[in-house]
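Just so it is clear, none of the values below were taken in a lab; they were calculated from the coordinates. Computed from a prediction, not measured in an experiment: that's the story for all the values here. Glycine also receives a Cβ, built like all others from the backbone with ideal geometry; neighbour counts cover every protein chain displayed.
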């Protein structure tokens, strides 16, 4: 059955989006805008409880379901990123268990920015190509994933986006997979997604050495913390305590 036929038949699409204290709001909000405009989509913002979740920039988002109460066999499992908040969750057994359980049943396992490190810590990216924020992308290898320097990476049913603003590219790509490309193109036009960075592309390949050095210095402490969390998670996966999930 084509995606259009599925929509016409009234089939629903359950999209489970993990949210958590300290997350980077734009990682989640940009994809949520696209997802909420998909026909018959039901978007679930999930956390351990229903209390407001404070993002890293200070405002709060209300969960719509708990980890236990959300759909356990969703069409899409999505994880946003952050800085320190992500590294902490990479050792949170309740969250990791949820991701393993939900990810094993989901049609698509997805992330933006450092959310891919959290998926990797749960064992969901072993043997898959994936991307993340440029500052920590190579750490995916510590947990059995294959880092790829691209804004959006698709490997079978894993779809990962790069840092922060890549969430819009990621979401439109997934919209084309869930529905079809013509509809994704319409959405892209309706939200007027026509990026024109005022200072040129914001990627290490396209900036001068001084800018890259300054940005790397500002992020160095976080990279060190991320490396520690990734190595610890990798050791757990190697020991066999976490199940490997692939499809």
* Determine, from the Cβ-Cβ distance of residue 235 and residue 215 and an R0 of 45 Å, the FRET efficiency 1/(1 + (r/R0)^6), rounded to the nearest 0.05. => 0.95
* For the stretch 1-133, rounded, prolate or oblate, judged on the Cα gyration tensor with a ≥ b ≥ c (square roots of eigenvalues), a/c < 1.5 rounded, else prolate if a/b > b/c? -> prolate
* Asked: If each residue's Cβ is checked for other Cβ atoms within 10 Å, how do 19, 238 rank with the fewest at the top?
  -> 238, 19
* Structure fact -> Expected max-MSF residue from 107, 92, 208 in the GNM of the chain (alpha carbon, under 10 Å) is 208
* Structure fact -> Rounded to the angstrom and largest first, Cα extents along the principal axes for the chain equal 51, 46, 35
* Of all DSSP beta bridges in the chain, antiparallel share, percent nearest 5 -> 20
